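What follows is a short report on a single structure.
Since every read-out is calculated from the coordinates, none of them should be taken as a lab result. Everything numeric in this text was worked out from a predicted model, so none of it was measured. With ideal geometry, Cβ positions are generated from the backbone for all residues, glycine too; neighbour counts draw on all protein chains shown.
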Amino acid sequence: MDRPAPPVTRFAPSPNGHLHLGHALSAIVAHDLARADGGRFLLRIEDIDGPRSRPELADAFRSDLAWLGLEWEEVSAQSTRLASYAAAAETLRERGLIYPCTCTRSEIEAAGARPGLEGLIYPGTCKHRAPDPARPAAWRLDAQMALAQTGPLVWEDARAGPQQVDLSGLGDVVLVRKDLPASYHLAVTLDDAADGVTLVTRGADLFAASHVHRTLQALLDLPVPRWHHHPLLLGPDGEKLAKRRGSPALAERRAGGEDGRMLAQQLRMQLLSLGT
Ligand code: GLU
Ligand code: ZN
């Protein structure tokens with residue numbers, strides 16, 4: 001049998017806050033999995049989050065990665081790819097796979113939406129009504145229509161094994177935001193395909209998103225990568241480490257003179273103990 005092609009992995013941070021330990025772990029996983037098999041490790045700045053995006057943070061990210069002892073190839077930032085998102089959305093629109101939704105968060109709550117794997121499951125209010133043209137609209141995937149077109153789909157996670165696509169815990173997710181030509185789901189799927197990413201690595205908190213991404217790959221005829229969702233680092237309270245809960249930024253530790261390569265080694269040891 002042919003040897004599998006060396007993997008292409010990526011780290012795709014959003015410059016809306018400094019990187020913390022959880023990000024370092026994600027970057028190390030992506031870097032090490034590529035290096036172990038002679039592959040490529042890419043950095044992509046996911047900077048389309050409008051006003052929350054702070055371009056100066058991208059420079060801090062590069063310094064953080066270098067401080068951890070990682071080497072990468074940087075690919076285009078998301079803000080340069082808006083036309084490709086708009087083109088894909090148009091294709092989906094023409095095929096009736098997305099529909100406009102003018103609901104606000106409070107309207108969705110008031111409609112009795114159930115909690116799903118990623119926030120509330122959209123109750124479908126706008127699916128069967130003409131949108132009010134005076135209100136801004138997001139565009140949602142018609143999950144039922146999508147799965148009727150694709151048929152059953154599977155994807156493969158390196159740790160969790162084969163997965164059947166199941167959108168029932170997610171519902172009709174937003175693919176085009178009210179303020180942007182894409183949502184995270186659409187942008188990341190198109191970018192990973194455009195960048196030739198063959199092994200998508202990210203935290204287990206984004207596991208469910210891969211059901212959406214696999215569906216989009218089928219609908220848009222994109223290559224299908226493999227996935228590796230790594231376990232999350234937990235804080236002393238057992239909660240996920242997140243910047244909002246005050247875990248120290250890598251930039252702060254770097255400025256404080258800590259040895260980044262040593263920290264990276266410690267994180268690799270923790271990964272082993274987490275079983276990855
Ligand atoms: N920009 C996303 C984040 O920082 C990337 C997630 C992913 O790797 O798919 O959470
Ligand atoms: Zn709606």
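The figures follow:
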| read-out | value |
| --- | --- |
| Alpha-carbon radius of gyration plus Dmax, which is the widest Cα pair, for region 135-276 in Å | 18.1, 56 |
| Which of VAL188, MET262, GLY17, positive extreme of dipole for the chain (C-beta unit charges) | GLY17 |
| Alpha-carbon gyration tensor eigenvalues x 5, square-rooted, for region 92-132, Å | 20, 13, 7 |
| For VAL176, distant residues with modelled amide H under 5 Å away | TRP139, SER183 |
| Kirkwood Rh and Cα Rg combined as Rg over Rh, evaluated for region 1-127 | 1.08 |
| Cysteines, the chain, no other Cys beta-carbon under 4.7 Å | CYS103 |
| Antiparallel DSSP beta bridges within the chain, percent to nearest 5 | 50 percent |
| Label-point gap, in nm, between ALA66 and ALA83 - each point 7 angstrom along Cα→Cβ | 3.2 nm |
| Label point distance in nm, ASP37-SER168, each placed 7 Å from Cα along Cα→Cβ | 3.2 nm |
| Rh (Kirkwood; distinct C-alpha pairs) - region 73-193, Å | 15.7 Å |
| FRET E, pair GLU56, ALA194, Förster distance 35 Å, beta-carbon r, rounded to 0.05 | 0.85 |
| Computed label-point distance, nm, for sites ARG129 and ARG159 using a 7 Å Cα→Cβ extension | 4.2 nm |
| Protection proxy ranking, peptides 136-142, 73-79, average beta carbon neighbours within 10 Å, highest first | 136-142, 73-79 |
| Binned Cα-Cα distance frequencies in region 70-121 - 5 Å width, integer % | 4, 14, 13, 13, 14, 19, 12, 6, 4, 1 |
| D_trans [Stokes-Einstein, Kirkwood Rh over alpha-carbon pairs] for region 153-202, 10 °C, 1.306 mPa s, µm² s⁻¹ | 124 µm²/s |
| Burial ranking of peptide ranges 177-189, 152-164, 35-47 (average Cβ count within 10 Å, highest at the top) | 177-189, 35-47, 152-164 |
| Ranked ASP195, ASP166, criterion: other C-beta atoms within 10 Å, fewest first | ASP166, ASP195 |
| Dimensions (Å) - the chain, Cα atoms, principal axes, largest first | 58, 49, 36 |
| When region 32-104 is reduced to its Cα atoms, the Kirkwood hydrodynamic radius in Å | 15.3 Å |
